[in-house]
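The values are calculated or read from the model by the stated rules, or taken from the named source; none is laboratory data. The model shown is predicted, which means the values in this text are computed figures rather than measured ones. Every residue, glycine as well, gets a Cβ built from its backbone with ideal geometry; the counts of neighbours run over all protein chains shown. Heavy atoms of the whole protein, side chains included, go into the accessibility calculation; ligands, DNA and RNA do not. Shrake-Rupley method; radii C 1.70, N 1.55, O 1.52, S 1.80 Å.
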Amino acid sequence: MYSAEFGSRTDVTETTNLAAIEQLKEQRFNEKNLIIYNPPGENDELSARFLRSLAFATFKRRSPAFLRDLIIFLQDRETEIIEQCGEYAHFDLKRTIWSLELLRDDIINNRDFQIFRVKAPDTDSWNSFLKGLGEDRRQWFSAVWLHADCYMYRRIWSIFQRSETLKNYDYFGDQKTSIVTNVAPLMRDILVSTKGIRRSQEDFQYLLKLSAWSNHGDLNITRRGAHDKIYKQIAKYDIDLLADQSSDVWQDLIEASAPVYVDIVCDNAGFELFADLLLGEYIIESGLASRVRFHVKAIPWFISDCTHKDFNWLLKFLRKHEFQELNAFGKRIRAYIRDRSFILCDKSYFWTSGHDCSQMKRVQPCLYVYISQASLVIFKGDLNYRKLLGDINYKPTTQFSDCLRGFQPASVCALRVIKSDIYCGLPLCTVEKLSEQNPEWMVTGDKAVVQVAIKHRLSSDIIV
């Protein structure tokens, strides 16, 4: 009896000692890296230097865990990868995994960002961006969160680019395609329920909100797939739209001067892209615009983001599917692409750069001119929202248009399911009330916004 009691006390003591050691390590890390214990102040740039922020949690826990999971995935899938990429991929995988482990160690120990050595179309622009950062903004826990987040995913891609056998391998591809397969019945239900809808404000707002809520299943944040209840009862979720300017978007489109183009800056592949294509079809068929142009990522990005390969994969998946509704929809989309009602835009590495949108006119003037042709540019998802706001901690009630810092090539619409602690254009005390009810509300994906900054233009402003 004495021995058992003694052993139990020893276990408790050891656990207490380990907890104390971990706490001391955390304290030393915070002191060494000048971590600020207060949350970001008004108009501060979001950064992991703030202990009470999602940015800190990202690089302290989530990013190291994500890289560990990616390494395990590559190890588990070695046989399949060799079959797909060739025998020499066995050796390239070892080097790639080693490099990913070094990246993970860099984050854990808050080391300096490195310039990129592997030559790629965006290498020079990325290195110029990194060299332009202040010396106190070149580490994981001092950089602007947007910069560090984008740098991590760009560095992952660079690691794969060093390998001849793995340079075209999409290490997020399996996750994206498996999600689509699982939601095929849901996509069929939506096509059936929206068949024959006509031009009206109510139907436009329904499809716009469907496109917004389709971002609910972001693999990078929620690790969940599409939420079928939301799509069957969109109107009932209006209470979770913290800002709803969908009627203003409709009014802007019906008043736009011809030719009317709508650009969609896509976020996730799979189900969200399906919802974006459905919105695009409605815009064309209802005569709201003569062309819809889709912007996707140039490289694998934030796990579930849509690339050109993902876009083309989905179209093939739809056209080949056994469900008649999906098959017919896929063929209609192909026809829109052939007659140029739909445009899949050329690769632009701006969307996978560390720059926010206020810098587009300076660093990518051709892209800025191109999207200026549109009457409306729709930005999808949380990351694009962060690029619009530049990861600045605005006062939550500040008008959306005021937070764009001069970026308005056309009317700018944001369809965002909230998954990070950055906000604007919200009613008074909204953030405070939600935070009191649930301090983690901003990462649950249960709230969304539809916001727009209108740019009125004359027909003489249009670039054809």
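At 0.692 mPa s and 37 °C, plugging the Kirkwood radius over alpha-carbon pairs of the stretch 263-417 into Stokes-Einstein gives what diffusion coefficient in µm²/s? Each step should come with its number before you reach the end.
Values: Rh = 16.3 Å.
The estimated diffusion coefficient comes to 202 µm²/s.
Taking the stretch 44-162 as the region of interest, what is the percent of Cα-Cα pairs per 10 angstrom bin, listed from the shortest bin to the one with the maximum distance?
So the P(r) values, bin by bin, are 13, 41, 32, 13, 2.
If you plug each phi of the stretch 42-50 into the Karplus form 6.51 cos²θ - 1.76 cosθ + 1.60 with θ = phi - 60°, what whole-Hz ³J(HN,Hα) values come out, in order, with x for Gly and Pro?
4, 6, 6, 7, 5, 7, 6, 6, 9
Under a cut-off of 14 Å between alpha-carbon atoms, report the aspartates and glutamates in cross-link reach of Lys119, not counting same-chain residues fewer than 8 places apart.
Hits, sequence-local ones excluded: Glu164.
Which of the trypsin sites (Lys or Arg not before Pro) found in the stretch 319-392 are in a DSSP loop and have at most 14 neighbouring Cβ atoms, other than their own, within 10 Å? Each step should come with its number before you reach the end.
Numbers: sites: Arg319, Lys320, Lys331, Arg332, Arg334, Arg338, Arg340, Lys347, Lys361, Arg362, Lys380, Arg386, Lys387; in loops: Arg340, Lys347.
Answer in residue order: Arg340.
Putting +1 on Lys and Arg Cβ atoms and -1 on Asp and Glu Cβ atoms, find which of Asn268, Leu210, Asn438 reaches farthest to the positive end of the dipole of the stretch 172-453.
Asn268
Can you grab the distance from the C-alpha centre of the stretch 108-122 to the C-alpha centre of the stretch 310-350, Å, no decimals?
The distance from the Cα centre of the stretch 108-122 to that of the stretch 310-350 comes to 35 Å.
Sort out the exposed loop GluC sites (Glu not before Pro) in the chain (DSSP loop, at most 14 other Cβ within 10 Å) and tell me the longest stretch that has none. Working shown, then result.
Working: sites that count: Glu42, Glu87, Glu164, Glu255, Glu322, Glu440.
Longest site-free region, per DSSP loop and neighbour criteria: 323-439.
With θ set to phi - 60°, apply the Karplus curve 6.51 cos²θ - 1.76 cosθ + 1.60 along the stretch 397-405 and write out the HN-Hα couplings as whole Hz, x wherever there is a Gly or Pro.
8, 4, 4, 3, 4, 6, 8, 7, 6
Note the full-extension length gain between Lys395 and Glu135 as 0.36 nm times their separation in residues minus their Cα-Cα distance, in nm to one decimal. Before the final figure, lay out the partial values.
Details: separation 260, 0.36 × 260 = 93.60 nm, distance 2.75 nm.
Length gained between Lys395 and Glu135: 90.9 nm.
Once label points are set 7 Å from the Cα along Cα→Cβ at both Val369 and Asn43, what is their separation, rounded to one decimal in nm?
Distance between the two pseudo-spin positions: 3.4 nm.
Which entries in the list Lys209/Lys232; Lys387/Lys433; Lys131/Lys167; Lys209/Lys380; Lys195/Lys236; Lys176/Lys232 go over 18 Å, if you measure between the two C-alpha atoms of each?
Numbers: Lys209/Lys232 12 Å; Lys387/Lys433 26 Å; Lys131/Lys167 26 Å; Lys209/Lys380 11 Å; Lys195/Lys236 21 Å; Lys176/Lys232 23 Å.
Among Lys209/Lys232; Lys387/Lys433; Lys131/Lys167; Lys209/Lys380; Lys195/Lys236; Lys176/Lys232, the Cα-Cα distance tops 18 Å for Lys387/Lys433; Lys131/Lys167; Lys195/Lys236; Lys176/Lys232.
Per residue, how large is the accessible surface of the stretch 44-162? Use a 1.4 angstrom probe and give square angstrom.
On the way: 5580 Å² over 119 residues.
Per residue, the stretch 44-162 has 47 Å² of solvent-accessible surface.
Once all Cα-Cα distances of the stretch 241-331 are split into 10 Å bins that start at 0, what whole-number percent is in each one?
Bins of 10 Å from zero give 15, 39, 33, 13, 0 percent of pairs.
Roughly how many nanometres apart are two label points built 7 Å out from the Cα toward the Cβ at Lys236 and Cys429?
Taking the two extended label points, one gets 2.9 nm.
Just the number: Rg to Rh for the chain, Cα atoms, Kirkwood Rh, two decimals.
Values: Rg = 23.4 Å, Rh = 23.6 Å.
Result: Rg/Rh = 0.99.
Please report the carbon-and-sulfur percent of the accessible area for the chain; probe 1.4 Å, protein heavy atoms only, DNA, RNA and ligands left out.
Details: 10590 of 21340 Å².
Carbon-and-sulfur percentage of accessible area, whole number: 50.
What ³J(HN,Hα) values, in whole Hz, does the Karplus curve 6.51 cos²θ - 1.76 cosθ + 1.60 give for the stretch 79-92 when θ = phi - 60°, with x put for Gly and Pro?
4, 5, 5, 5, 4, 7, 10, x, 4, 5, 4, 4, 6, 5
Under a 5 Å amide H to amide H cut-off, with H placed in plane at 1.01 Å, what residues pair with Val452 once short-range neighbours are removed?
Those lying under 5 Å, H to H, from Val452 are Ala414.
Suppose every K and R has +1 on its Cβ and every D and E has -1 on its Cβ; what is the size of the dipole of the chain about the Cα centre, in Debye to the nearest 20? Let's see the in-between values first.
On the way: 61 positive and 61 negative charges, 213 e Å.
Dipole size: approximately 1020 debye.
With +1 assigned to the C-beta of every Lys and Arg and -1 to the C-beta of every Asp and Glu, and no other charges, what is the dipole magnitude of the stretch 44-162 about the Cα centre in debye, to the nearest 20?
Working: 19 positive and 18 negative charges, 77 e Å.
The calculation lands at about 360 debye.
Gain in length, His308 to Glu440, computed as 0.36 nm per residue apart minus the alpha-carbon separation, to one decimal in nm? If you can, show how the numbers build up before the last one.
On the way: separation 132, 0.36 × 132 = 47.52 nm, distance 3.39 nm.
Additional length available on full extension: 44.1 nm.
Residues of the stretch 172-453: accessible area per residue at 1.4 Å, in Å²?
On the way: 10610 Å² over 282 residues.
Normalised by residue count, the accessible surface of the stretch 172-453 is 38 Å².
Using 0.36 nm per residue, how much length does the chain from Asp339 to Asn33 gain when fully extended, once their Cα-Cα distance is taken away?
Contour length minus Cα-Cα distance gives 104.6 nm.
For q values of 0.18, 0.20, 0.30 Å⁻¹, compute log₁₀ I(q)/I(0) with the Debye formula on a Cα-only model of the stretch 382-430, without solvent.
-0.52, -0.64, -1.40
Along the charge dipole of the chain, Cβ charges K/R +1 and D/E -1, which of Phe29, Ile234, Tyr169 sits furthest on the positive end?
Selected residue: Tyr169.
Report, by chain and number, residues whose modeled amide H sits under 5 Å from the one on Asp446, excluding near sequence neighbours (fewer than 5 apart, same chain).
Distant-sequence amide H within range of Asp446: zero hits.
Would you calculate a helix-derived [θ] at 222 nm for the chain, using -39,500 (n - 2.57) for each DSSP H run of n ≥ 4 and dividing by the full residue count, to the nearest 500?
Values: 19 runs with 224 residues, N = 464.
It comes out at -15000 deg cm²/dmol, rounded to the nearest 500.
Dipole of the chain (Lys/Arg Cβ +1, Asp/Glu Cβ -1, origin at the Cα centre): which of Leu67, Cys424, Ser247 lies farthest to the positive side?
Of Leu67, Cys424, Ser247, it is Ser247.
Scan the stretch 143-197 for trypsin sites (Lys or Arg not before Pro) in coil per DSSP, keeping those whose Cβ has at most 12 other Cβ atoms within 10 Å, and list them by number. Before the final figure, lay out the partial values.
Details: sites: Arg154, Arg155, Arg162, Lys167, Lys176, Arg188, Lys195; in loops: Arg162, Lys167, Lys195.
Sparse-neighbourhood loop trypsin sites (Lys or Arg not before Pro): Lys195.
How big is the antiparallel share of DSSP beta bridges in the stretch 172-453, given as a percent to the nearest 5? List each step's numbers first, then the result.
Working: 7 of 28 bridges.
That works out to approximately 25 percent antiparallel.
For the stretch 18-102, what is the charge dipole size about the Cα centre, in debye to the nearest 20, if Lys and Arg each add +1 at the Cβ and Asp and Glu each add -1 at the Cβ?
Numbers: 12 positive and 14 negative charges, 98 e Å.
My answer is approximately 460 debye.
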